[in-house]
Amino acid sequence: DLRQDERKGVQQIIRSYDRFQQKKREQKEKFDQMLEFDNRFRQEEDDLIAGIDEAGRGPLAGPVVSAAVILPLHFTCYGLTDSKQLSEKERNMYYEKIIEEAIDYSIAVVSNDEIDQLNILEATKKSMQDAMIALDPKPTLTLVDAVDLSFPPYQTKSIIKGDAKSISIAAASILAKVYRDRLMNELDQKYPAYGFKNNKGYGSKDHLNALQQFGPTPAHRLSFSPVQNALKNN
């Protein structure tokens, strides 16, 4: 038995293997919990449960993006969880799996100009509604992360911290985050001084410095106060 082998290298390999197995057990347990959470809302086995989440409410630049997704009943993807808990590499990997295996998914983008016209909460709701109504087939129930999205005749339920409880919302959070990050990477190429590739439009120190120095770009949200301040100074 290798466990009786006292050589340091062997013991290190065993510890590493045990940690890996423990992580796999924890991921399976977490996934099963989140799947069970969604399944509680099913009244019939063929009910379609959708999840919706957004990315980009807080940044000073770029759009707000929402994703809606209907996962199949027997979808399995251990390790999938709230996008904020995952590395970029993991998010990209899960993104591909979700879009490949989902019954349907949709992604809706509301621009920074629309955010300025509507305000960020209404723009977020609009992106969520656009994503939801684009789903085909129509979901029986849509679980929404933290936002009250009443939109008859659609049945919706707001779940506080939903991206950590519901597997459908977690999947939607990954789609929204990855899609928005890619849009911000494109904006970074257009406006390299603002560091969008790294800050994704959030008000990092470098971003705020660039705003003060160069003023806002056409991608900035003019209704957000740090951007307004930069406008006054330029």
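The values are calculated or read from the model by the stated rules, or taken from the named source; none is laboratory data. Predicted, not measured: the structure shown is a model, and the values here were computed from it. Cβ placement follows ideal geometry from the backbone for every residue including glycine, while neighbour counts extend to all protein chains displayed. SASA here: full protein model, heavy atoms, side chains in, ligands and nucleic acids out. Shrake-Rupley method; radii C 1.70, N 1.55, O 1.52, S 1.80 Å.
Checking each residue in segment 170-207 for being in contact (Cβ under 8 Å) with a residue 24 or more places away in the chain, assigned to a helix (DSSP H, G or I) and either surrounded by fewer than 18 Cβ atoms within 10 Å (Cβ to Cβ) or of a type in the set (Phe, Trp, Tyr) (or both) picks out TYR179, LYS190, TYR194, PHE196.
Is it the case that LYS126 is part of a helix (DSSP H, G or I), within 24 Å of GLU29 (Cα to Cα) and open to solvent by 40 Å² or more (accessible area, probe 1.4 Å)?
Here the answer is no, as LYS126 does not meet what is asked.
Residues in segment 48-94 that are small (Gly, Ala, Ser) and either in contact with a Cys (Cβ under 6 Å, 6 or more places away or on another chain) or more than 28 Å from ASN119 (Cβ to Cβ) (or both): GLY79, SER87.
Per-residue answers, yes or no, for (1) of a type outside the set (Phe, Trp, Tyr); (2) under 18 Å from the mean Cα position of the chain (by Cα):
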| site | (1), (2) |
| --- | --- |
| THR156 | yes, no |
| SER168 | yes, yes |
| TYR179 | no, yes |
| PHE196 | no, yes |
| ASP206 | yes, no |
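When LYS138 is tested against the conditions (1) open to solvent by 60 Å² or more (accessible area, probe 1.4 Å); (2) basic (Lys, Arg); (3) part of a helix (DSSP H, G or I), the lone failure is (3).
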